[in-house]
Structures are given as C-alpha cells and as structure tokens.
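Engineer: Quick one: this structure, given as structure tokens, is what I'll be asking you about.
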Amino acid sequence: METITKPEISEEILEFLQTKIQAEKQVIVHCCVPASFELGNQIRVWQSTFLIDRSLGHKSNLIYQYNISLFPYWTDIPPFKDFWFTLVFSGLPDECTGFDLIEEIPEEGGFFVPNIKRNGTDVYRVIID
C-alpha cells in the first residue's frame, strides 16, 4: 500500500496567502423583500448602493449582485412569495461595529436598512421594506 505524504507549505507562502485573504475580504448581504399580493412588482439595484459606516466615514462598494437586475434593467418579483437576492460588497474596516445599507439614487424608493450590527462572519440577512 502506498503512503501519501502531506505536503509542506513554507511560512512565506502562508503569510502571503493570509495577506491576500485579508485584502480580498467581502461582505455578503442576503436581502428579503416580503411577499406581496400584488401582480407586476419589479425590483432592481443601482451600482450606487453602499454599506456605510457613519462613525468611520467609510463606504463599501457594491461588487456584485445575485438574483436581482442592475439599473436600468428590472427583475420581476413573483406574487405571494418572499423574494431573496444577494449583494456582495467590498470589505468593511476592522474597527467597524455597525453600518447602514443605502442605495443612493436620483429617485424615490432606494433601499435603506439602518443600524446593521457587525458580526464575525460579515454575512447578513436583512428585510427590505
């Protein structure tokens, strides 16, 4: 029977990779639009959507969106069922303890979820009213 040996990874490579992981950290926000009984509802997100830590003056940028269209396109929301989508943002500063989700747009109806408490995973679930 052949013996498999676990490979050795040098300390320099481990430190390099850890630095890359820290630099690439992201924040994931799963968003729920509660079920509606109306037909024809649509939703979209603008690139000008941010996570804002007001105490530090920091804005995390929207990197990617899943299951929702980016302006100017629209996504249909099915009636009678909660609608979920996911937003991925650039990392928050280590000192951040709380932030707002805000969509800065030139019209009414932008997303705004205030006072989201920071957790150790940087993965969140929020309700969009």
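Engineer: Mind jotting down the three principal axis lengths of region 19-129 based on Cα atoms? Whole angstrom, largest first.
Structural biologist: Between the extreme Cα coordinates on each principal axis of region 19-129 lie 47, 28, 25 Å.
Engineer: Starting from region 49-129, pick out the chymotrypsin sites (Phe, Trp or Tyr not before Pro) whose DSSP state is loop and whose Cβ has at most 14 other Cβ atoms within 10 Å.
Structural biologist: TYR73, TRP74, PHE80
Engineer: Could you tell me what percent of the accessible area of region 32-117 is made up of carbon and sulfur, with a 1.4 Å probe and every protein chain present?
Structural biologist: 54
Engineer: Let me ask you something else. Report the normalised scattering of region 34-81 as log10 I(q)/I(0) at q = 0.18, 0.28, 0.30 Å⁻¹, calculated by the Debye formula with identical scatterers on the alpha carbons.
Structural biologist: Results for region 34-81 at q = 0.18, 0.28, 0.30 Å⁻¹ read -0.68, -0.98, -1.05.
Engineer: Hey, with R₀ at 30 Å, roughly what FRET efficiency would VAL123 and PHE80 work out to, going by the Cβ-Cβ distance, to 0.05?
Structural biologist: Plugging the Cβ-Cβ distance into 1/(1 + (r/R0)^6) gives 0.65.
The values are calculated or read from the model by the stated rules, or taken from the named source; none is laboratory data. Please read these numbers as outputs of a predicted model, since none were measured by experiment. Using ideal geometry, Cβ is built from the backbone for each residue, glycine included, and neighbour counts are taken over all protein chains shown. Side chains are part of the model used for accessible areas, which takes the heavy atoms of the whole protein and leaves out ligands, DNA and RNA. Shrake-Rupley method; radii C 1.70, N 1.55, O 1.52, S 1.80 Å.
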